Amino acid sequence: LRISDLLQLTWAMLLDGGTFEIVEKKTKKQREVRINANFQKHIRDCYKKLGVLNKQERCFISQRNRVFSIQRINVLLKEIKTGYG
């Protein structure tokens with residue numbers, strides 16, 4: 001997914017079932033995304049530790065409930081990549 005598509009993701013999309021559908025922002029194509037069980041477990045752990053109360057809330061929001069910018073998401077993903085090698 002492109003960053004613009006990641007910004008659309010909600011906790012429900014990632015936690016409720018093994019797949020979800022999304023309309024890609026750039027191409028306007030509908031796409032079915034499968035979620036790996038291990039990734040889903042990791043997301044569930046994050047959901048619990050962050051204390052999210054609403055599954056319809058977007059995943060990529062700041063602590064002040066503002067959506068992260070594309071630039072900020074890129075920085076976070078690079079940090080995760082470095083951390084996991």
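Counting lysine pairs in the chain whose alpha carbons fall under 28 angstrom apart, excluding pairs fewer than 8 residues apart on the same chain, gives 23. Using a ≥ b ≥ c from the Cα gyration tensor of region 1-63 (square roots of the eigenvalues), is it rounded, prolate or oblate, where a/c under 1.5 gives rounded and otherwise the larger of a/b and b/c decides, a/b for prolate? Cα axes put region 1-63 in the oblate bin.
Note on the chain: helix-only mean residue ellipticity at 222 nm, from DSSP H runs of 4+ residues weighted -39500 (n - 2.57) and normalised by residue number, equals -13000 deg cm²/dmol.
On the chain, 51 percent of the accessible area sits on carbon and sulfur atoms, based on a 1.4 Å probe.
For the chain, the per residue solvent-accessible surface stands at 77 Å², with DNA, RNA and ligands left out and a 1.4 Å probe. Say the dipole of the chain comes from +1 at the beta carbon of Lys and Arg and -1 at that of Asp and Glu; which of LEU76, LEU1, PHE20 then lies farthest toward its positive end? Result: LEU76, furthest along the dipole toward the positive end. Given +1 at the Cβ of Lys and Arg, -1 at the Cβ of Asp and Glu and no other charges, the dipole of the chain around its Cα centre is 220 debye to the nearest 20.
The values are calculated or read from the model by the stated rules, or taken from the named source; none is laboratory data. Nothing here was measured: the structure is a model prediction, and the numbers come from that model. Don't worry about glycine lacking a Cβ; one is built from the backbone with ideal geometry, like all the others, and counts go over all protein chains shown. In case anyone asks, the SASA skips ligands and DNA or RNA and just uses the protein heavy atoms, side chains included. Shrake-Rupley method; radii C 1.70, N 1.55, O 1.52, S 1.80 Å.
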